[in-house]
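In what follows, a single structure is set out as structure tokens and then discussed.
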Amino acid sequence: MEKNGENITINGPDNLKFGIDEFGNLSNDKNKKITKILKKEIMNEAVKWCEENIKGFNVSVNTDEQGNIIITGNCYIDDPNIEMLPYRIHKVEGNFSVCGDATVPRVMRLKSLNNFPRIVTGNFKINLNHELTSLAGGPVEVGGYYNCAHCNLKNL
């Protein structure tokens, strides 16, 4: 963030390395304005990331009134190098998978379920993620089956 008089520049979520002290010298109105801009900027980045990386037929990415990301459709992530999701997804209305394929064979490299959807209304598949050791951060509600076979889980 750079302050030049009344102009404030925000470089995006990857460059947001300032602490809350940066806001201390600003008025409440400016604090609210900057916070709103930051939230909108981060939400736009999150939606863009989801649209570019979450695949499937007829998948849509939206936000609700609270700013939660809602994905509609059966979807998957097929990037074998992804270790965790960079943005929180609240809900997937359909199936969601980030898993390897034993027939290819391809193993995924998830290390954490942080930022994974809290709710998946269909099936949730994370099988063949050998570096995954915990289900912490994963969905708390799954409408179908929860497949975590062939992961190196040490705790649930």
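The values are calculated or read from the model by the stated rules, or taken from the named source; none is laboratory data. Every value quoted in this text rests on a predicted model; they were computed, and no experiment measured them. Every residue, glycine among them, receives a Cβ derived from its backbone with ideal geometry; neighbour counts consider all protein chains shown. Just the protein is used for accessible areas: all its heavy atoms, side chains included, with ligands, DNA and RNA removed. Shrake-Rupley method; radii C 1.70, N 1.55, O 1.52, S 1.80 Å.
I'd like the FRET efficiency for Asn81 and Glu141, computed as 1/(1 + (r/R0)^6) with the beta carbon distance as r and R0 of 25 Å, rounded to 0.05.
About 0.30, to the nearest 0.05.
Diagonalise the Cα gyration tensor of segment 24-156 and give the resulting equivalent ellipsoid semi-axes, square root of 5 times each eigenvalue, largest first, whole Å.
30, 16, 14
Between His150 and His90, what FRET efficiency comes out of the Förster formula 1/(1 + (r/R0)^6) with R0 = 22 Å and r the beta carbon distance, rounded to 0.05?
With a Förster radius of 22 Å, E is 0.20.
Contour minus end-to-end for Asp101 and Ile70, with contour as 0.36 nm per residue of separation and end-to-end as the Cα-Cα distance?
Difference between extended and current length: 8.6 nm.
Too long at a 21 Å Cα-Cα cut-off: which of Lys36/Lys111; Lys48/Lys91; Lys55/Lys125?
Lys36/Lys111
Rounded to the nearest whole Å², what accessible area per residue is found for segment 51-156 with the 1.4 Å probe?
53 Å²
Simple spin-label model, 7 Å along Cα-to-Cβ: Ser112 to Met43 in nm?
With each label point 7 Å from Cα toward Cβ, the separation is 2.4 nm.
Taking the mean number of other Cβ atoms within 10 Å as a proxy for protection, how do you rank 109-115, 76-82 from highest to lowest?
In descending order of packing, they fall as 109-115, 76-82.
Hey, any idea what % of segment 20-147's accessible area is carbon plus sulfur with a 1.4 Å probe?
47 percent
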